[in-house]
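**Q** Pasting a structure below so you can have a look.
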Amino acid sequence: MQTPVQEKTADTDTAAAAGSQAGETKYEFMVVSNRLPVDRCAPGEDGDDGSGWRRSPGGLVTALAPMMTRTDGAWVGWHGAPDETVEPFSHGGMDLVPVQLSTDDVELYYEGFSNATLWPLYHDVIAPPEFHRTWWETYRKVNQRFADAVARHADRNATVWVQDYQLQLVPRMLREARPDLRIGFFNHIPFPPPEIFAQLPWRRAIIDGLLGADLVGFQRPSDAGNFMRSARRFLGASVKQQQVHVKDHNGDLTHIARAQAFPISIDVKQITELARKPEIIERSRQIRQDLGNPKTILLGVDRLDYTKGIRHRLKAFEELLADGKLSVGEATLIQVASPSRERVEQYRLLREEVEGTVGHINGTYDTIENTAVRYLHHSYPVEEMVALYLAADVMLVTALRDGMNLVAKEYVTARTNNDGALVLSEFAGAADQLKQALLVNPHDIAGLKNTIMNAVDMSPREASRRMRAMRKQILEHDVDHWSADFLRALKEKVVRDDS
């Protein structure tokens with residue numbers, strides 16, 4: 001592993017000089033994401049190794065960290081604290097290059113443009129997006145800062161993999177500064193159809209930014225199709241099959257950008273090993289016992305986000321109680337709702353609404369001995385999550401729109417006995433792979449109720465048949481398979497088709 005060096009400030013012109021500053025460490029492979037793969041921790045806290053940092057949870061870190069430790073690579077991202085400069089450092093075998101963000105940057109680029117403009121727009125306008133020029137300008141400036149950091153540290157002909165919607169301008173900025181680089185981009189959330197994307201005042205700049213990449217990856221083929229249709233409609237790009245012919249201002253072809261689906265997955269080995277640990281199996285039994293050993297435990301695990309369909313799930317469950325099809329004591333719903341973007345007004349209001357609904361259901365249907373909904377507004381370590389997956393008879397994934405939803409894949413992977421049932425929204429990317437789940441339109445409350453009851457009443461034989469098929473699919477397409485597929489495609493030479 002190379003010795004990290006101090007990150008130096010550089011303007012765009014300097015960064016464009018193919019990273020030739022004396023003394024800068026150079027890397028053959030770089031990952032770029034909004035956040036670094038580490039979180040700050042206090043001494044003695046879980047994960048503390050004495051450095052003050054611990055590896056972040058999450059699928060992206062799990063997927064790429066082993067690769068980063070094996071290659072001459074570095075990860076570029078924000079370290080999580082505004083108005084603080086952190087020099088490049090190493091942790092867990094990875095070289096990390098922090099990008100500094102101010103308090104204003106976090107408010108305008110991250111909370112503003114990324115999460116109040118792009119997030120709702122890309123999730124089918126479930127909540128209305130806001131369009132502010134000050135947000136856009138900060139988004140552009142912060143993307144340039146990330147691109148500059150990469151341009152300084154990337155070795156000649158290096159491979160750069162840019163991650164997610166916060167950094168959609170970085171591929172074009174990198175191509176202009178460092179045309180020698182091989183650039184990939186992966187969008188972890190949905191990409192909207194052109195009819196929705198058209199609302200964005202800066203739609204041309206976003207498409208142009210993404211087309212700076214050699215390969216643009218998406219969760220579903222429909223997302224890749226939406227992107228290519230937008231490229232044709234808003235930039236007049238020539239699109240042939242999965243290839244977009246990108247031209248400069250003079251109309252000359254600069255490169256061919258490909259758009260393709262690469263559905264992300266999970267660390268199958270980790271979840272499987274945890275699901276077989278005696279102490280986690282015992283913990284799952286304890287959870288059932290603490291709930292009064294109901295006949296059926298239903299489980300929802302989500303970030304507290306308006307895209308996750310938590311309100312629809314609660315409404316369906318409440319109506320099933322009112323109809324007498326489920327009863328407290330016989331059935332319990334556990335709803336884990338991890339805190340999310342609590343400084344954003346829409347999320348604060350959502351929390352109030354969800355907690356008010358849970359209070360109403362419990363106030364109406366609880367008994368002295370049993371509760372209808374056990375609501376948990378916490379984040380939990382993966383060990384506790386696997387215990388919950390083992391305790392639950394029915395997993396409810398009712399997202400209104402979701403790029404993938406890895407919780408669905410984790411639940412299936414944890415069911416090593418091939419039991420349990422998955423109710424899965426057809427609007428989650430996971431529905432493309434987990435076709436043996438009980439697929440549902442969460443907007444159809446009557447249909448959702450019927451599907452939940454089908455899951456509750458499913459025979460063990462039918463449950464085993466479905467779960468076995470889903471587990472086979474996930475075991476063959478784990479997170480290592482995802483990253484290897486993308487990077488293999490990125491390295492492939494493009495066959496130019498001028499016919």
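The values are calculated or read from the model by the stated rules, or taken from the named source; none is laboratory data. Values in this document were obtained by computation on a predicted structure and should not be read as measured data. Every residue, glycine among them, receives a Cβ derived from its backbone with ideal geometry; neighbour counts consider all protein chains shown. Only protein heavy atoms, including side chains, enter the accessible area calculation; ligands, DNA and RNA are left aside. Shrake-Rupley method; radii C 1.70, N 1.55, O 1.52, S 1.80 Å.
**Q** Which of the peptides 84-90, 451-457, 172-178 is most tightly packed, and how do the rest follow, judged by the mean count of other Cβ atoms within 10 Å per residue?
**A** Going by the mean number of other Cβ atoms within 10 Å, highest first, we get 172-178, 451-457, 84-90.
**Q** With just the Cα atoms of the range 263-308, tell me how far they stretch along each of the three principal axes, in Å, largest first.
**A** Principal axes ranked by extent give 36, 30, 15 Å for the Cα atoms.
**Q** Suppose accessible area is computed on protein heavy atoms with a 1.4 Å probe; arrange THR254, THR296 from highest to lowest. Present the calculation step by step, with values, prior to reporting the outcome.
**A** Details: THR254 75, THR296 10 Å².
So, going from the largest accessible area down, we get THR254, THR296.
**Q** Describe numerically, in nm with one decimal, the distance between label points set 7 Å from Cα along Cα→Cβ at VAL382 and at LEU439.
**A** 2.9
**Q** Once you have a ≥ b ≥ c as the square roots of the Cα gyration tensor eigenvalues for the range 412-499, tell me rounded if a/c is under 1.5, and otherwise prolate or oblate according to whether a/b is larger than b/c.
**A** oblate
**Q** Can I ask one more? So what's the back-of-envelope 222 nm ellipticity for the chain, counting only DSSP H runs of four-plus at -39500 (n - 2.57) apiece and dividing by all residues, rounded to 500?
**A** Calculated at 222 nm, the ellipticity per residue is -12000 deg cm²/dmol.
**Q** Whose amide H sits under 5 Å from the amide H of LEU304, counting only residues 5 or more places off or on another chain, with H placed in the peptide plane?
**A** Placed amide hydrogens put SER338, SER340 under 5 Å from LEU304.
**Q** What is the packing order of peptides 371-381, 423-433, taking the mean over residues of other C-beta atoms within 10 Å and listing the highest first?
**A** Descending mean neighbour count gives 423-433, 371-381.
**Q** Take the Cα pairs of the chain, get the Kirkwood Rh, then feed it into Stokes-Einstein at 10 °C and 1.306 mPa s and tell me D in µm²/s.
**A** 66
**Q** Quick query: amide H of THR254 versus all other amide H atoms, modeled in the peptide plane; which residues come in under 5 Å with a sequence gap of 5 or more or a different chain?
**A** So THR254 has HN proximity to VAL246, LYS247, ASP248.
**Q** Where only protein heavy atoms count, and the probe is 1.4 Å, what is the accessible area per residue for the range 355-431 in Å²?
**A** 33
**Q** Tell me the carbon and sulfur percent of the accessible area for the chain, rounded to whole percent, probe radius 1.4 Å.
**A** In the chain, the share of accessible area belonging to carbon and sulfur is 47 percent.
**Q** Spelling out what I want: for every residue of the range 112-129, take phi, set θ = phi - 60°, compute 6.51 cos²θ - 1.76 cosθ + 1.60 (Karplus), and round to whole Hz; glycine and proline get x.
**A** x, 5, 5, 10, 10, 10, 6, 4, x, 4, 6, 9, 6, 6, 4, 10, x, x
**Q** With the other protein chains left in place, how much accessible area per residue, in square angstrom, belongs to the range 168-233 at a 1.4 angstrom probe? Don't skip to the answer; put the middle values down first.
**A** Working: 1900 Å² over 66 residues.
Each residue of the range 168-233 exposes 29 Å² on average to a 1.4 Å probe.
**Q** Then there is this: Residue by residue through the range 158-167, which ³J(HN,Hα) values in whole Hz follow from phi under the Karplus form 6.51 cos²θ - 1.76 cosθ + 1.60 (θ = phi - 60°), with glycine and proline marked x?
**A** 5, 9, 10, 10, 8, 10, 6, 5, 6, 10
**Q** Something else now. Over what distance in Å are the Cα centres of the range 346-362 and the range 199-255 separated?
**A** 40
**Q** Decide, for the range 69-131, between rounded, prolate and oblate: order the square roots of the alpha carbon gyration tensor eigenvalues as a ≥ b ≥ c, take rounded if a/c falls under 1.5, and otherwise choose prolate if a/b is larger than b/c, else oblate.
**A** Oblate, because a/c is 1.5 or more while a/b does not exceed b/c.
**Q** To the nearest 20 debye, what charge dipole does the chain have about its Cα centre, counting +1 at the Cβ of each Lys and Arg and -1 at the Cβ of each Asp and Glu?
**A** Dipole size: approximately 1480 debye.
**Q** So how do 383-390, 484-491 stack up, highest first, on mean other-Cβ count within 10 Å?
**A** The packing order, highest mean first, is 383-390, 484-491.
**Q** Give the accessible surface of the range 32-166 per residue, rounded to a whole number of Å², with probe radius 1.4 Å and ligands, DNA and RNA excluded. Write out the running numbers ahead of the final one.
**A** Numbers: 4980 Å² over 135 residues.
Result: 37 Å² of accessible area for each residue.
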